[in-house]
Amino acid sequence: MEKLRQGKNSEEEDNIGIQAHDVSILQDLYALSETEVMDRILEHPDPPGLIKGLPSEDFFWLLKKTGEDSMQLLKLASLRQWQHLLDLELWERDRLDMTNSFLWLQRLQRSDPERLAKWLFTDGQALAYLYLFRNVHVELRDENEAYDLEKGFITLDGLFYIKVLKEEQTETVEGIIRTMAGEDLLKFHSVLTGLAGVLPADLEEDMYRLRNVRIAEHGFLPREEALIVYAPLDPEAIAQKDSREMVDPVLDENFLDLAPYTPFHFSKSQNLLTKSTSRIVDTGLLDRIRLEFAGLCNQILSADGLVIDDIDVLKKTGQKAAGYLNLCLEEMCGKDIGAAEELLRNNSLISLFRMGFGLAQKLKWEAERWLKQSWFDHNSMGYGFWGDKWGNTLAGLTKKMPKYYCGPEREGEYRDFEQAFDLIAAGKILQGLIGLDKMLAQLTITFPLNKKDVHTHNRTIHSLLFTLWARQILELTPSFEAITLKQARQFFDLLRAGDEKAPYQMLGFEEVFVKDFMVSASGFEPEDTASLKDTLVLIWQEFCQEYDWVDVNALDPRFSKYVLIRS
């Protein structure tokens, strides 16, 4: 703890810029425990210099990691960092949250009461006026006259009598008041006197306006303005050469010192974005990328309306930003790392993000256009009709913000698109569903579907196709109606005629299955025909995997996913 009292004067607020050898603390921030983070800070030769050198965003996320009650960090922080912290924590939309205001004033008072008092006389004066106006009652009394005051009033000078309105806040607020009076009694009298002239609505509006100006410099725009980050940008708008007019003018070196490290390091994974940035030796360009990336993350946070209550929020937002940036780079540059580096040099990150997001949005629009006139939607089928993977992929594409379905093996199952493969995979599934939907529209004209029966039995694309096909193989009346258990066993015996034992390959029937259903694809565009054929092959392969070890005597109507069997 002795190190907390060492270092430069706490009032030197211009010590901005973390040293290169200290960056590891931020790089490892997410992986380390709270105790390990604090140990690294306290073991540093100059903890005050280290913390004050952090850009405000990095300090904010460091505090989120170590816990908001970390008195050590608040004591080491600069007033610049305090201000940024309060700008993000005290406001609930356009209203000053009095509960949060008290909590943060309490934390600052416990960590450094004298510096808090000085700040409330200067840059924090508006907060002092508004908070005291709403939370204390002040009486001016002549010390030569006797007055009966109700319990709870205190006086520090026999002139101003003060009572904290909320009992649970009494100790903290009285502590702040005593420290302010001890710091400068005349200024404290001025504050108390000024409370009578406070117009709370006007003061709060002015505070909110100034706060928005400050946080806008970090990318936190009003939500209606921040939403521009999701405005798709055509690839034609992104040039690989001679597009420097799209990038902000050269930034002042001192301003680049404010570039945060945390968001960019949290977003890193092995892809074209990280490979290209790892090759950049121009420190000015790297600083610009870090600064723009932090601003991009903050703008996304504003647009999404997220509550910044945990460091995981930053990690997920950073991954979203990096994912769409990488998607743009892969679309424009393939695997060319040099071309990707040039694209980063010549374009703003928000432009690249908008283009990457636009690629996913374009796929979403394609899905929505199809759904409006699809057989699937007309028959009010749920996404589960297409099976888990395909149905969840379609559900992800049609979310308000398109998402990529990555399967139950990953937490959350859905994530933002991150690479060209994601778009290709989702697009291929979508084209397959469009082809199947057209085919079903044709089939159900020939073989009408009992809608009530469909929803009663919770049928899927697989059960419809294989039940209809089983009837055809067994030379039964073609329909989508369930077959008997005896007929189901006959069906599988026919398919396995060439197999001596499990696993049953059912060789030769894949071509028959695909050919029988491709008859309904007459009149399709060549691209749709090819996509439907590939999809039918996948359906057959899934069917084989489902039944390759199932004995016909073990068939159970309750658990038959691909062939509807009557009980």
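Only the coordinates and a few stated rules stand behind these numbers; no lab work does. On a predicted model such as this, the values are computed, not experimentally measured, just so you know. Note that we place each Cβ from the backbone using ideal geometry, even for glycine, and neighbour counts take in every protein chain shown.
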Filter the cross-link list K118/K187; K275/K403; K389/K428 down to pairs whose alpha-carbon distance in this structure exceeds 22 Å. K275/K403
Rule-of-thumb check for segment 223-357: C-alpha Rg over 2.2 N^0.38 Å? 0.99
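Over all directions, what mean area does the Cα convex hull of segment 522-567 project, stated in square nanometres?
Details: hull surface 17.6 nm².
So the mean shadow area of the Cα hull is 4.4 nm².
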Could you give me the ³J(HN,Hα) list for segment 437-444, computed from phi with Karplus coefficients 6.51, -1.76, 1.60 and θ = phi - 60°, whole Hz, x at Gly and Pro? 5, 5, 5, 5, 4, 6, 4, 6
Please work out the Kirkwood hydrodynamic radius for the chain, using every pair of different C-alpha atoms, and report it in angstroms with one decimal place. 28.8 Å
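Evaluate the Kirkwood expression for the hydrodynamic radius of segment 69-118, namely the inverse of the mean inverse distance over all pairs of different C-alpha atoms, and round to one decimal in Å. Kindly include the intermediate steps, with their values, before the conclusion.
Values: mean 1/r = 0.0899 Å⁻¹.
In segment 69-118 this quantity evaluates to 11.1 Å.
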What spacing in nm lies between the two simple spin-label points modelled at E224 and H137, each 7 Å away from Cα in the Cβ direction? 4.1 nm
Could the peptides 349-361, 389-401 be put in order, highest first, of the mean number of other beta-carbon atoms found within 10 Å of their residues? 349-361, 389-401
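Could you grab the Rg to Rh ratio for segment 431-559? Cα atoms only, Kirkwood for Rh.
Working: Rg = 14.8 Å, Rh = 15.5 Å.
Looking at segment 431-559, the ratio lands at 0.96.
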Under 22 Å between alpha carbons - lysine pairs in segment 431-559 that sit 8 or more apart or on different chains: 6
If R0 = 60 Å, then E217 and E510, at their Cβ-Cβ distance, give a FRET efficiency to the nearest 0.05 of 0.45
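Rounded to a whole number, what is D in µm²/s for segment 73-200 from Stokes-Einstein with the Kirkwood radius over alpha-carbon pairs (4 °C, 1.567 mPa s)? Write down the numbers at each step before the final one.
Numbers: Rh = 15.3 Å.
Result for D is 85 µm²/s.
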